[in-house]
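Down below is the structure, laid out as structure tokens.
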Amino acid sequence: MQMPNIRKTAALLAFAAATMGLSMEASAQATLAQVKARGSLNCQVGLPTPGFYALASDGTWSGMDVDMCRGVAAAIFDDPKKVQYQSVTSAVRFTSLANGESDMLSRTTTWTAVRDTQLGLEFAGVNFYDGQGFVVPKSSNIKSAKELNGATVCVLTGTTTELNLADYFRANNMTFKPVTNENVNVLVETYLGGGCDAYTNDKSGLAARRSAFPKPDDHIILPETISKEPLGPVVRHGDNNWGDIVRWVLFGMIEAEELGVTSANVTEMLKSSNPNIKRLLGVEGNVGEGMGLPKDFMVRVLKHVGNYAEVYERHVGAKTPVNIPRDGSLNALWTKGGILYPMPFR
């Protein structure tokens with residue numbers, strides 16, 4: 001007698017679940033429309049760090065990851081200044097993105113399985129291949145991470161850095177005492193004040209932070225690299241179109257370097273007979289159409305921000321205080337011995 005009611009109830013619950021799923025999907029798919037309606041991109045960066053997301057005294061942001069934000073804004077608005085920067089700690093970065101406060105995250109974040117599959121996030125690519133290391137005072141005479149047994153180590157909490165540190169010491173039958181904080185500035189001050197024997201982070205972060213030390217030459221980065229840290233921009237899971245926009249802006253900047261298209265010559269390159277350049281710049285085909293962008297969206301990006309090489313050398317290259325040489329590194333193009341490999345524009 002009750003079976004029809006049970007079936008009816010089950011059907012109603014299934015319908016409600018399906019409706020809720022469609023509602024959530026529709027909401028997730030609205031990121032580009034929300035950004036356009038707002039008139040600016042909400043882009044999350046970290047606490048000010050030289051080379052990647054530096055904050056000037058006049059309130060302007062600059063850096064390699066900042067230029068990723070600027071590139072996406074340029075693709076949408078033809079104006080790289082239409083960005084609202086949100087600077088938060090590592091401990092709350094994913095929550096701020098997942099709950100909709102940020103449209104994207106661009107702040108030296110490592111792509112891992114758990115982050116990609118369990119936090120409602122999606123990595124749009126890799127813009128910097130890195131690895132974790134240690135910085136120590138030169139006066140300590142420590143030459144290798146293997147000499148850190150029993151050391152006190154400053155480490156950012158809520159990060160892969162903290163997990164890698166524990167794994168490294170355990171694998172090498174060594175002990176350490178962690179000094180943790182979610183604020184990188186506090187950790188750096190602790191290290192400089194002698195509160196820990198070593199400070200650990202991605203090597204790019206160590207180089208960036210050391211460049212701002214009162215006496216950078218008094219500190220050395222140890223040779224060991226103890227992890228893989230593929231860093232890149234992140235978006236919320238579920239909005240495939242928005243993920244495509246961030247991903248293809250990144251790929252486009254790398255592709256432009258490979259093809260020799262720069263901020264200085266992009267206008268002239270519109271006349272190129274090279275079919276790959278024509279497709280990149282929207283002279284032929286219309287890659288942007290599938291993402292809700294104009295066909296010349298990469299012209300906008302390159303005009304305002306530049307290609308990958310320009311961004312790299314401007315902020316973290318060998319001629320900057322951060323001084324991370326690119327030649328011979330993983331961050332060189334695949335055609336030059338590195339592993340930067342953009343997907344084809346076709």
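The values are calculated or read from the model by the stated rules, or taken from the named source; none is laboratory data. Because the structure is a prediction, the values reported are computed rather than measured. Because the Cβ atoms are built from the backbone with ideal geometry, glycine has one as well, and the counts that use them run over all protein chains shown. Side chains are part of the model used for accessible areas, which takes the heavy atoms of the whole protein and leaves out ligands, DNA and RNA. Shrake-Rupley method; radii C 1.70, N 1.55, O 1.52, S 1.80 Å.
Remarks
- Taking only the alpha carbons of the range 208-276, we obtain Rg and Dmax values of 19.3, 53 Å in that order.
- Rg in Å to one decimal, and Dmax rounded to a whole Å, for the range 191-346 via C-alpha atoms: 18.8, 60
- Model label points for Ala171 and Glu224, set 7 angstrom from Cα along the Cα-to-Cβ axis, are 1.0 nm apart.
- Working from label points 7 Å from Cα in the Cα-to-Cβ sense, the Thr117 to Trp334 distance is 2.4 nm.
- For the range 77-126, the square roots a ≥ b ≥ c of the C-alpha gyration tensor eigenvalues yield an a/c of 1.5 or more together with a/b exceeding b/c, which makes the shape prolate.
- Rolling a 1.4 Å probe over the protein heavy atoms of the chain, with every protein chain left in place, gives an accessible area that is 54 percent carbon and sulfur.
- Treating r as the C-beta distance of Ala98 and Ser139 and R0 as 45 Å, the FRET efficiency rounds to 0.55.
- In this entry, the chain is assigned a mean projected area of 22.3 nm², taken as a quarter of its C-alpha convex hull surface.
- 17 Å cut-off, amide nitrogen to a point 7 angstrom out along Asp78 Cα→Cβ, residues in the range 255-275: 266-268, 270
- Cα shape, the range 307-346, gyration tensor, a/c 1.5 rule: oblate
- Extension gain, Ala212 back to Tyr341 (0.36 nm per residue minus Cα-Cα distance, nm): 43.3 nm
- Within the listed set Pro223, Pro48, Pro178, the residue fluctuating most in the Gaussian network model of the chain (springs between alpha-carbon atoms under 10 angstrom) is Pro223.
- Model label points for Asn286 and Asn149, set 7 angstrom from Cα along the Cα-to-Cβ axis, are 6.7 nm apart.
- Calculated mean residue ellipticity at 222 nm for the chain: -11500 deg cm²/dmol, from DSSP H runs with n ≥ 4 weighted as -39500 (n - 2.57), summed, divided by the residue count and rounded to 500.
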